[in-house]
Amino acid sequence: MRMKEMNRFYILAVAALALLASCQQREEDQALRDRRQADGQTGRLAGQIVITGTLEQGTASKTALAANGKVVWKAGDRIKVFNASNPEGMEYVLEESSAGTVKGRFVGNAISGDAPFYAVYPADAASSLSGSTLSVSLPDVQDYASASFGEGASLSVASGLSVSSLDFQNMLGAVAFTYTGSKNLRSIRVQTKGAEPLCGSGEVSFKNDEPSLSLDASGSTGLTLECSGSKDRTFYMMLPPGVFRKGFTVLMEDTDGNVMFKEARASESNVVERSTILTMPPFGYEAQYKAAFLNADAYGFYTGTDASATRMDAKFTYNAESSQLAAPATQSKSTRYVRVQDWNAGFAVGMTTPSTLVVGQEYDATLDLMQDSGRSTVEGKFRVIKISDDAAWLSASDGSGAAFIQPLK
């Protein structure tokens, strides 16, 4: 074949392939339009199903709250549906037209297999199904929403023999905090004084079609609400049902970085019930501690930790490169004594407290400070304002701003 004829053949071949691809694309586009039109005006694809999810109308079982007080679905909500054939679940998204309604229409691919079916909201709250038990997880941080609960904070579940219609029940209750004052809040943290977990991994078990929630004992006993500096004065947190047998504490951080401590003692009224709101009595906000102290992680002695102090001093604290921790083997089982010493810096500071500490409680404690200029001992009451797995944050109850971070291990 001559060169000129080869070029002409090549051009014709390319043009034919382009025409074929264009025709195929038009056919695929038309097929997609036909599939969408097969289900009316909803925009669903043929082969997809619709699930009607009805929200329980308890006072706390809301993803959003309408002006008339009804509990309604909100735009973008997703649920996940499980059965024995789909133990990892399948997601379904709320149709736009269902936002603001009690009965939401959720769309997604048809789920294979037989009943019973189990569902969860929000979709990422459950990871798997085993028998009739869902593995779930509650986050340790919730986001603020004005006059409502944050997105994804309210765990709701459903079960049924038909996947086309599911009635959701709320698994959590709520606590409402209302305060007065001019400060705007950055965060609110609830901490149980006992061992009751507020978040973490757990299970929802369906017995006789009645779901029940249980959290692993290793879950966190603290939960934080990020308030985003809102000007609101009432905030809601979603909590697992239960009794705070030893009460709980609340730490509120304002947008200036200062913190107020509030204590709720054990009481028959301090009970979180499923799908209800526990409304705490309104209280005035007055900053007490610097957030910098609660966020500090160096063991040892601090001054200027009260909110009114101009600055915080952490001069006698642990330095990983030069300091040592010491705890004499002769100490009593009922007390804990820990000393931070740094001979390069010329100090040793120790604190004696009871061996068992509970957030919110006041204890008699002894503080010893030894340095080149001599030794000083202070005895007084210190309040435990924070406890982690590794340390306790104690602040002098006399308002002097003296404080100590004591290692617990």
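Projecting the alpha carbon convex hull of region 169-271 along each direction and taking the average yields 7.4 nm². Amide H contacts of residue 408 (H built 1.01 Å from N, in plane; Pro and chain starts excluded): 391, 392 sit under 5 Å, all sequence-distant by 5 or more or on other chains. Each part gets one Cα centre, and for region 263-294 versus region 206-221 those centres are 24 Å apart. The 3J(HN,Hα) values that the Karplus relation (6.51, -1.76, 1.60; θ = phi - 60°) gives for region 309-315 are, in residue order, 5, 6, 8, 9, 10, 10, 5 Hz. Gly and Pro appear as x. Database remark: amide H of residue 221 closer than 5 angstrom to the amide H of 198 (H placed geometrically; neighbours at sequence offset of 5 or more, or on other chains; Pro and chain starts carry no H). By the Cα gyration tensor, region 216-345 has an equivalent ellipsoid whose semi-axes, rounded to whole angstrom, run 35, 22, 13 from largest to smallest. Here 409, 381 are placed in order of increasing Cβ neighbour count within 10 Å, fewest first, which gives 409, 381. In terms of surrounding Cβ atoms within a 10 Å radius of their Cβ, 379, 203 rank from fewest to most as 379, 203. This ranking places 92, 299 by how few other beta-carbon atoms lie within 10 Å of each, fewest first, which gives 299, 92. Here the Karplus relation 6.51 cos²θ - 1.76 cosθ + 1.60, evaluated at θ = phi - 60°, turns the backbone of region 191-205 into coupling constants of 10, 6, 7, x, 9, 6, x, 9, 7, x, 6, x, 9, 10, 9 Hz, with x for every Gly and Pro. Residues in region 337-343 carry Karplus couplings, in order, of 10, 9, 10, 9, 10, 8, 6 Hz; the curve used is 6.51 cos²θ - 1.76 cosθ + 1.60 with θ = phi - 60°, and Gly or Pro positions show x. Among the lysines of region 240-349, pairs that are 8 or more positions apart or on different chains and have alpha carbons within less than 29 Å of each other number 6.
Where a number appears in this text, it was derived from the coordinates with a stated rule and is not lab data. Since this is a predicted model, take the numbers as computed values, not measurements. In this analysis, Cβ positions are derived from the backbone assuming ideal geometry, glycine residues included, and neighbour counts consider all displayed protein chains.
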